[in-house]
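Everything on this sheet refers to the single structure shown next.
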Amino acid sequence: MLCNCKMEDRVTDKLFDSLCYVSDHVGFYGTIKHFPADFVVTEIDVTGHLVTEGHIQEPELKLRENDDEPEFKKQKTGLRNVEGTTILGQAECKGEPTKDNVDDVADILSPLDCEEGLHNLLKLLLSIDVQKALNIFANSVKSSFESQVKSCESSELSLGLFSSKDDRATIHSAVRQTFPFLVTFTKNTELLVKPNLDYQELSGLTSEEEAGKFFTFLDAKVKNSTFTFQPDVSKEHRTSVHHFISRKFGKLVETKSFSEKDIDGVQRASVTVRFREKKSSSGKRQRTDGHSEIFTAFTLEKENLETLEAISYLSSVLGVLPSDFSYAGIKDKKAITYQYMVVKKVTPERMQKIGKLLEKNGIKIHNVRPAKCHIHLGQLNGNHFTLILRNVRNHSSDACKLNQRIEDAVHNIKVRGFLNYYGPQRFGKGRNIQSQEVGLALLKEETALAVKLFFTPEDCDDPVNKAKRYFFESGDAKGALSLMPDFKVREKMMLRALNRYGVTDEGYIRCWLSLPHSMRIFYIHAFCSKVWNEAASYRMATYGLKAVEGDLVLCCQDENKKSSLFDRVHAVTAAEEADNVYLMNQVVLPMPGHSIKYPSNEVGHWYKEALAKAGLQLSKFRVGPLQLNIPGCYRHILKYPRNLTYEHFEEDDVQSQDRDKWEKSEILQTANPSLKLSFALDSSSYATICLREMMKCNF
């Protein structure tokens with residue numbers, strides 16, 4: 001697509017033309033995405049390697065050396081939400097590990113004898129300040145329990161805000177396994193710690209050591225595992241232990257006493273605890289034959305396909321559900337992309353066998369191997385881009401040399417960065433209706449309007465729009481279903497639901513519920529992304545590149561920490577603004593949601609007015625009928641490309657394999673200047689937005 005095409009031909013003008021830039025350099029023109037090979041995207045895994053290098057980190061983090069020891073099942077080192085949105089507001093490690101701060105962390109945790117894996121996990125998840133506070137709190141609780149003081153019973157400690165449910169689960173487990181005499185709980189997205197009074201009661205019946213081991217066993221929830229207390233000659237005492245466990249944890253575990261004679265011939269009995277077998281919906285106990293689910297990991301290479309299209313095709317070939325696939329993020333369609341995926345219920349051998357069949361549909365698979373569990377959205381360290389800009393030239397009436405314009409642009413974006421807008425692919429390509437308009441209707445629970453907007457046809461006569469136009473005009477879901485091409489997965493699922501349940505209020509709800517959750521929430525995220533873009537532009541125009549009073553920033557942030565997790569969000573004070581305590585690259589803006597904090601300056605007022613104009617309240621981000629819950633998140637305003645390099649060349653200088661593709665194109669090939677760019681971006685940052693700042697034009 002040409003970045004200097006006529007205004008009436010560009011769909012995204014109304015979304016991007018009014019948005020600010022960071023730098024005032026002139027920029028240049030160019031053409032991107034003439035061919036998928038012009039836009040190559042390679043995922044960077046959580047270890048910092050390209051997924052094409054075969055150094056993928058397994059989806060789960062094993063904390064112990066022995067296979068029979070418990071492992072955490074929900075691990076994630078990058079905190080991102082659906083559609084790749086950056087989730088901030090979490091606790092962050094304070095800087096890259098150095099000799100000093102590593103020793104500090106060891107001193108914090110060693111008195112409590114936590115295991116090395118848990119030590120490392122808490123060091124990763126919590127800032128040093130939070131770890132110190134947690135250590136002090138834990139020692140205080142332990143001392144109170146030992147002295148039987150009750151003053152600590154109502155005390156609490158906040159560990160910060162954590163927007164991701166999976167990340168909260170990880171921290172819950174890590175803290176409880178490390179400090180079994182503490183219990184964690186959540187209020188909205190805030191994770192808190194308080195004394196475990198059940199531990200105190202059990203340690204009065206057994207010992208502190210046994211009580212700690214029991215709660216560690218209980219929290220790990222390892223399938224088919226058991227825990228046995230020390231042998232006990234007192235039946236009354238054993239009965240007390242049975243009753244305590246039954247009263248407190250009877251729905252989760254069951255107990256039984258086993259007797260045996262010790263070496264002195266004395267009959268002793270031990271209380272053994274095991275997890276109850278889960279029951280199916282019919283009330284029958286599920287089989288526990290030791291068979292675990294099968295997971296296969298692979299690198300997906302796709303060309304000119306959406307991620308969800310590729311998954312739909314893979315699921316049909318393999319005979320599994322689209323929901324059996326997990327991935328770290330959505331990748332561009334008109335591009336060649338490489339991304340890490342995991343599929344459930346498919347063996348590596350079977351995955352290998354379908355390789356040749358997939359290639360006919362623009363899909364290749366690499367690095368196929370067994371995996372232990374699914375991966376999560378955002379479980380990556382960013383993306384690497386290799387881009388070709390064709391027909392590069394100056395803006396009209398610009399007498400400066402093109403090389404100088406490019407050099408200025410590259411220098412400015414390296415030094416000053418770019419505003420971290422959501423890219424045009426976030427909003428779809430529709431001219432008449434775009435994704436954010438559907439999302440707003442869903443947020444307002446106007447499901448009938450959302451269906452109407454979704455099926456609004458474009459002004460062309462391709463098969464997809466013919467089917468949409470037929471349904472839009474007739475309301476005949478069955479007829480439209482027969483006209484809709486098979487590759488339009490969403491449209492066909494929705495039409496099937498409308499045909500089954502009718503074009504009624506219930507049918508409209510069932511229609512949306514027929515889509516996977518990630519597809520439903522995509523439209524709401526599109527609306528929230530539009531609001532965020534406009535808020536970021538307003539913030540830039542109002543206050544410029546300085547952190548001002550009322551801005552939201554991230555405490556304990558260190559920009560050198562690539563896989564950072566962030567502490568709670570903090571509002572800049574007047575004194576902090578005067579002292580320039582925070583930099584602009586620490587400032588974040590909220591994606592609208594029901595559990596986030598808004599800036600307390602003019603930007604916060606802007607949010608309130610923008611949402612009110614759309615017919616929404618600040619807290620209205622739950623859609624019960626559609627099972628959608630939007631807590632909100634935070635996103636950096638400013639981002640920087642990493643390892644940005646560029647190279648000039650003439651189109652005639654390209655490799656022969658690319659020339660073959662050009663010859664098949666209808667585009668007249670001439671020896672025009674071209675530009676090759678290579679850089680990496682953090683997850684959820686868009687290459688098209690980076691180019692927009694560099695070239696000073698929209699895509």
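The values are calculated or read from the model by the stated rules, or taken from the named source; none is laboratory data. Keep in mind that what you see is a predicted model, and the values were worked out from it rather than measured. FYI the Cβ positions are ideal-geometry reconstructions off the backbone, even for glycines, and counts take in every protein chain you see.
Annotation: of all residues in the range 567-590 being touching a Ser or Thr at 6+ places or on another chain (Cβ under 9 Å) and either assigned to a strand (DSSP E or B) or basic (Lys, Arg) (or both), the one that is nearest to Arg539 (Cα to Cα) is Val588. Being of a type in the set (Gly, Ala, Ser), out of contact with any strand residue (DSSP E or B) (no Cβ under 8 Å at 6 or more places or on another chain), in contact (Cβ under 8 Å) with a residue 24 or more places away in the chain and over 30 Å from Pro592 (Cβ atoms), is that true of even one residue in the range 404-412? The answer is yes, given that some residue of the range 404-412 is of a type in the set (Gly, Ala, Ser), out of contact with any strand residue (DSSP E or B) (no Cβ under 8 Å at 6 or more places or on another chain), in contact (Cβ under 8 Å) with a residue 24 or more places away in the chain and over 30 Å from Pro592 (Cβ atoms). When restricted to residues that are crowded, with 21+ Cβ neighbours inside 10 Å and either under 22 Å from Tyr640 (Cβ atoms) or touching a Pro at 6+ places or on another chain (Cβ under 9 Å) (or both), the range 370-380 contains 7. Restricting Ser518, Ser529 to those that are farther than 16 Å from Ala441 by Cα, assigned to a helix (DSSP H, G or I) and not aliphatic (A, V, I, L, M) reduces the list to Ser518. Select from the range 421-443 the residues that are in a loop (DSSP other than H, G, I, E, B) and either buried (at least 16 other Cβ atoms within 10 Å of the Cβ) or assigned by TED's automatic domain parsing to the domain that holds Asp682 (or both) and list them in ascending order. Matches in the range 421-443: Tyr421, Tyr422, Gly423, Phe427, Gly428, Gly430, Ile433, Gln434. The number of residues in the range 623-654 being modelled with pLDDT under 90, surrounded by 16 or more Cβ atoms within 10 Å (Cβ to Cβ) and in contact with a Pro (Cβ under 9 Å, 6 or more places away or on another chain) comes to 4. Among the residues of the range 397-413, those that are touching a Phe, Trp or Tyr at 6+ places or on another chain (Cβ under 7 Å) and either surrounded by fewer than 21 Cβ atoms within 10 Å (Cβ to Cβ) or closer than 28 Å to His525 by Cβ (or both) comprise Leu402, Val410. Would you pick out the residues in the range 224-252 that are assigned to a loop (DSSP other than H, G, I, E, B) and either without any contact (Cβ under 8 Å) to a residue 60 or more places away in the chain or surrounded by 12 or more Cβ atoms within 10 Å (Cβ to Cβ) (or both)? Across the range 224-252, the qualifying residues are Ser225, Phe229, Gln230, Pro231, Val233, Ser234, Gly250, Lys251, Leu252.
Candidates are the residues of the range 222-249 that are touching a Lys or Arg at 6+ places or on another chain (Cβ under 9 Å) and more than 12 Å from Ala269 (Cβ to Cβ); the one that is modelled with the highest pLDDT is Phe227. Taking the criterion of being over 18 Å from Ser435 (Cβ atoms) and outside any helix (DSSP H, G or I), the residues of the range 460-502 that qualify are Cys460, Asp461, Asp462, Gly475, Asp476, Met484, Pro485, Asp486, Phe487, Gly502.
Is the range 341-348 home to any residue that is among the basic types (Lys, Arg), at positive phi and surrounded by fewer than 19 Cβ atoms within 10 Å (Cβ to Cβ)?
yes
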